[in-house]
1. Considering Cα pairs under 8 angstrom that are at least six residues apart, work out the relative contact order of the stretch 123-225 and quote it in whole percent.
2. About its Cα centre, how strong a charge dipole does the stretch 8-112 have in debye, to the nearest 20, once Lys and Arg get +1 and Asp and Glu get -1 at the Cβ?
3. Can you tell me which of 206-212, 157-163, 31-37 comes out highest on packing, and rank the rest after it, using the mean Cβ neighbours within 10 Å?
4. For the stretch 8-112, what is the relative contact order in percent, using Cα pairs closer than 8 Å and at least 6 residues apart in sequence?
5. If I take every Cα pair under 8 Å that is 6 or more residues apart in the chain, average their sequence separation and divide by the length, what percent do I get for the relative contact order?
6. Placing +1 on the Cβ of each Lys and Arg and -1 on the Cβ of each Asp and Glu in the chain, which of His184, Asn13, Ser226 has its Cα farthest towards the positive end of the resulting dipole?
7. To the nearest 10 degrees, how steeply does helix 154-177 sit against the main Cα axis of the chain, on a 0 to 90 scale?
8. Need the full-extension length gain, Glu203 to Phe159, defined as separation in residues times 0.36 nm minus the C-alpha distance. One decimal, nm.
Amino acid sequence: MNKRILSIFDLKNSLWPDWFQEAFSNNLISVFLHGNCLMAGFSPIKEPWQISFILKEDSPEKISGLKLLVKKATQQGITFGYFFTRESLTHSADVFPLELLHIAKRNEVLFGEQPLANYTPNHNALRLECERELRGILIHLRREFVYMQQGHTQMDFFFLAEAQLMPILYGVYFLLHNTYPETHEAIFAEYPQLRIEPPTREEEVINERANKYILTITQIINTIDSMEIQ
């Protein structure tokens with residue numbers, strides 16, 4: 001009963017869809033998976049399934065029934081993500097276009113309607129969010145590079161960078177091609193310099209790779225910064 005759920009098929013055919021309907025009753029519009037659990041390389045042994053909700057009302061009183069399922073969810077490798085209403089999604093469209101793009105293009109419905117079925121992000125809002133996020137990562141990467149020299153491994157640097165960058169680069173890819181990438185490979189085809197190379201002990205090579213990585217991100221920022229406002 002409390003074993004971790006290992007596949008979307010098992011999750012859909014479990015009691016969870018029924019439990020969600022019981023918890024929310026007629027307040028429930030949609031229950032869906034999204035986030036890392038639908039990306040390549042996801043391991044349900046190591047990471048949780050992220051489930052979010054669209055409700056008619058999202059007050060504490062209306063979502064309180066879900067508290068009874070938290071322990072069971074944790075035992076089975078499930079985490080509850082976000083609680084939306086149709087109104088809050090509409091109001092967030094130009095504030096969090098990147099996050100909504102991911103939900104719209106990469107989700108798995110467990111109950112109810114498709115989230116953001118007709119969503120298309122505002123080009124300029126998406127461009128600004130991607131630029132802001134990339135500039136923030138760029139600042140942190142230089143710090144992480146220094147720590148890499150003080151005991152953290154080179155792979156820590158590159159794996160951390162990739163984990164932070166990939167969600168944003170999906171948005172950049174959408175800006176460039178007006179389509180959502182199927183996998184990370186589409187990103188690496190666009191930016192081969194960001195593909196993680198095998199580890200080496202040669203400091204000169206490590207420095208060159210880190211420099212190339214940071215330079216590529218800088219070039220991406222310059223590209224989206226120069227895009228025509230639509």
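A short reminder: the numbers here are calculations on the coordinates, not readings from a lab. Being a predicted model, the structure only gives us computed values, none of them experimental. Cβ: placed from backbone, ideal geometry, glycine included. Neighbour counts: every protein chain shown.
1. 37 percent
2. With Lys and Arg at +1 and Asp and Glu at -1, about 220 debye.
3. Answer by packing, highest mean first, reads 31-37, 157-163, 206-212.
4. Once divided by the residue count of the stretch 8-112, the mean separation gives 38 percent.
5. On the way: 255 pairs, mean separation 41.9, N = 230.
Worked out over the chain, it gives 18 percent.
6. The listed residue farthest towards the positive side: Asn13.
7. Approximately 70 degrees, to the nearest 10.
8. Computed gain between Glu203 and Phe159 is 14.1 nm.
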